[in-house]
Amino acid sequence: MPSENSAVLTAHQVDPAAPILVFDSGVGGLTVLAALRDVLPQAPVIYAADTAGLPYGTKTEAQIAARVAGLLGRMTERFAPRLVCIACNTASTIALGMVREVLEVPIVGTVPAIKPAAAMTRTGTIGLLGTQATIRQAYVDRLEQEFAADKRLLRHGAPELVEAAEAKLRGEAVDPAAIRRAAQALRSMPGGADIDTVVLACTHFPLLEEELAEAFGPGVSFVHGAQGIARQIARLTDGQPYTRRAPDRALFTGPADQATAYAAALADYGLEEGGRF
Ligand code: DGL
């Protein structure tokens, strides 16, 4: 689900080559980029992955907030994006408010799609897969109270799925046992047998939707926020001119050879390796 602030640039204030900056700890944000490509194929994009900080989900709130604020500050100065998309539930549920206070650029965040899940479930039992950091956030409690107070929401933090999604995009085999463990963890909670809707509350997890669907079995639907985020970005940039003067690039904080392992996947998303930031 998207979360937005109100800073909207009018068309005449925008450099047509100004990119949309899509940020995540790793390759998860590519799931948001894919949806963005569908609605704004002409938009120049810089994809930034904090691979030196990956995974965020096992870090403390203070560590995540400091990293995200620091990196986004640096990148907005360097690339002057027209909009920043924090394509990471962990970073958004922890640091969105704080980052919006310090950066003067429209920021769209990614928060768990509990609202659409609550509208979809027929059994009234929703599973939520996120990182360990995301599932403990007050932000998620508030979404639950606001949109799913009359439902049962079962949460599970699944760091193994982040690793599995990263491996998949490096062209490596996904460990089916890791996927089964995540499904089993939700199924074995009280009421877990009734889950008919699963919120993929980490942008890495839609990369594993097929594997997860197999592990959960028939009758379970998956929901995430990518399309909603893309629509929100289109709305906030409505009427702005776009010119792509150079190929879209992916930048990493981690070592260059790490980035090279993702080259084929990046090409699938229309990105060239752009080095370190
Ligand atoms: N893709 C990130 C999210 O949406 C988290 C992955 C990580 O643990 O760094 O939460």
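Each reported figure results from applying straightforward, stated rules to the coordinates on display, with no laboratory input. Please read all numbers here as calculations on a predicted model, not as lab measurements. Positions of Cβ are backbone-derived with ideal geometry, glycine not excepted, and every protein chain shown enters the neighbour counts.
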Under the rule rounded for a/c under 1.5, else prolate if a/b exceeds b/c, else oblate, using alpha carbon gyration tensor axes a ≥ b ≥ c, segment 71-120 is classed as prolate
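Is segment 143-239 best put as rounded, prolate or oblate by its Cα gyration tensor, with a ≥ b ≥ c the root eigenvalues, rounded for a/c under 1.5, and otherwise prolate when a/b is larger than b/c, oblate when not? Walk me through the intermediate numbers first.
On the way: a/c = 2.29, a/b = 1.14, b/c = 2.01.
In terms of gyration-tensor shape, oblate.
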Quick check: from the Cα gyration tensor, does the chain come out rounded (a/c under 1.5), prolate or oblate? prolate
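Helix-derived [θ] at 222 nm for the chain: sum -39500 (n - 2.57) over DSSP H runs of at least 4, divide by residue count, nearest 500?
It comes out at -12500 deg cm²/dmol, rounded to the nearest 500.
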Express in nm, to one decimal, how much length is gained between E101 and A66 on full extension, taking 0.36 nm for each residue of separation and deducting their alpha carbon distance. 11.2 nm
Work from the charge dipole of segment 169-277 (Cβ charges, +1 for Lys and Arg, -1 for Asp and Glu, about the Cα centre) and give the residue of A201, A250, T237 farthest towards its positive end. T237
Using only the alpha-carbon atoms, how far is helix 159-169 inclined from the longest principal axis of the chain? Give it as 0 to 90 degrees, nearest 10. 50 degrees
Calculate the dipole size of segment 34-189 relative to its Cα centre from +1 charges on Lys and Arg beta carbons and -1 charges on Asp and Glu beta carbons; express the result in debye to the nearest 20. 300 debye
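Which longest uninterrupted range of the chain lacks any GluC sites (Glu not before Pro) assigned by DSSP to a loop state (not H, G, I, E or B) and surrounded by at most 13 other Cβ atoms within 10 Å? Walk me through the numbers on the way to the answer.
Values: sites that count: E104, E172.
Counting at most 13 other Cβ atoms within 10 Å as exposed, the longest clean stretch of the chain is 173-277.
Given a Förster distance of 45 angstrom, what is the FRET efficiency for Q184 paired with F277, based on the Cβ-Cβ distance and rounded to 0.05?
It comes out at approximately 0.70.
In which sequence would H156, H224 go, from the one with the fewest C-beta neighbours within 10 Å to the one with the most?
Working: H156 23, H224 27.
Final ranking by Cβ density, sparse to dense: H156, H224.
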Length gained when the stretch D257-E172 is fully extended (0.36 nm per residue, less Cα-Cα span): 29.0 nm
Quick one: which residues, 5 or more positions from R249 or on another chain, have an amide H under 5 Å from its amide H? H modelled 1.01 Å from N in the peptide plane, none for Pro or chain starts. V45, Y47, E272
Evaluate E = 1/(1 + (r/R0)^6) for D150 and R235, where r is the Cβ-Cβ distance and R0 equals 22 Å; express this FRET efficiency to the nearest 0.05. 0.15
If every Lys and Arg gets +1 and every Asp and Glu gets -1 at its Cβ, then about the Cα centre the chain yields a dipole, in debye to the nearest 20, of 360 debye
Provide the FRET efficiency to the nearest 0.05 for the R122-A213 pair, computing r from the beta carbons and using R0 = 22 Å. 0.80
